[in-house]
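In what follows, a single structure is set out as structure tokens and then discussed.
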Amino acid sequence: MKIKQEEDHASKNTRTFLIFTDGYADNIPLLLESLYENNLKEVAYIGGSAGSIINIDQPSLFTCDDFFRGGAIIAAVEVFMSVGINHGWQPISEPAISSSLDKKIIKSINFEPAMGE
């Protein structure tokens, strides 16, 4: 893995590291362990990997200056960040129970006939 290191990758005010790696790069676990051990344990780590299924040698990372492969992009941010996931769906009713089935056919829901007679 080629390491291009800027003067300081983190300040005492760093609250989050954004880490994007080439999915085929060597030593990523060592990189992450080193970041964790050499920086505050309270720093949040957010990131992911990229790569091509078809062409392992294809560059999958980029900056405003270049495309490259076999490495990582790390940004030190002075704001705490976290990841939240929400599907956006809203319930339309209370949960229901399939109380009677005939193979794959629902006969009753919540002990009431599923279809009108």
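The values are calculated or read from the model by the stated rules, or taken from the named source; none is laboratory data. Note that this is a predicted model, so its numbers are computed, not measured. Neighbour counts run over all protein chains shown; Cβ positions are idealised from the backbone, glycine included.
Would you mention how many residues in the stretch 22-41 are outside any helix (DSSP H, G or I) and either among the hydrophobic types (A, V, I, L, M, F, W, C) or without any contact (Cβ under 8 Å) to a residue 12 or more places away in the chain (or both)?
3
How about the stretch 32-55: which of its residues are surrounded by 15 or more Cβ atoms within 10 Å (Cβ to Cβ) and over 17 Å from the mean Cα position of the chain (by Cα)?
Residues satisfying the conditions are L35, N39.
Out of all the residues in the stretch 71-101, which are over 22 Å from A10 (Cα atoms) and either at pLDDT 85 or above or of a type in the set (F, W, Y) (or both)?
Of everything in the stretch 71-101, those that are over 22 Å from A10 (Cα atoms) and either at pLDDT 85 or above or of a type in the set (F, W, Y) (or both) turn out to be W89, I92, S93, E94, P95, A96, I97, S98, S99, S100, L101.
Just to be sure I understand, how many residues within the stretch 55-81 are part of a loop (DSSP other than H, G, I, E, B) and touching a residue at least 60 places away in the same chain (Cβ under 8 Å)?
6
Select from the stretch 17-31 the residues that are surrounded by fewer than 17 Cβ atoms within 10 Å (Cβ to Cβ) and within 18 Å of the chain's Cα centre (by Cα) and write down the one among them that is farthest from F68 (Cα to Cα).
Per the stated criteria, the residue is P29.
Do we find that I19 is part of a strand (DSSP E or B) and in contact (Cβ under 8 Å) with a residue 12 or more places away in the chain in this structure?
Yes; evaluated as a whole, the condition is true for this residue.
Can S49 be described as modelled with pLDDT of 85 or more, polar (S, T, N, Q), closer than 30 Å to M115 by Cα and in contact with a Ser or Thr (Cβ under 6 Å, 6 or more places away or on another chain)?
no
Those residues that are closer than 30 Å to Y45 by Cβ and either surrounded by 10 or more Cβ atoms within 10 Å (Cβ to Cβ) or in contact with a strand residue (DSSP E or B) (Cβ under 9 Å, 6 or more places away or on another chain) (or both), I need them from the stretch 81-117; list them, please.
M81, S82, V83
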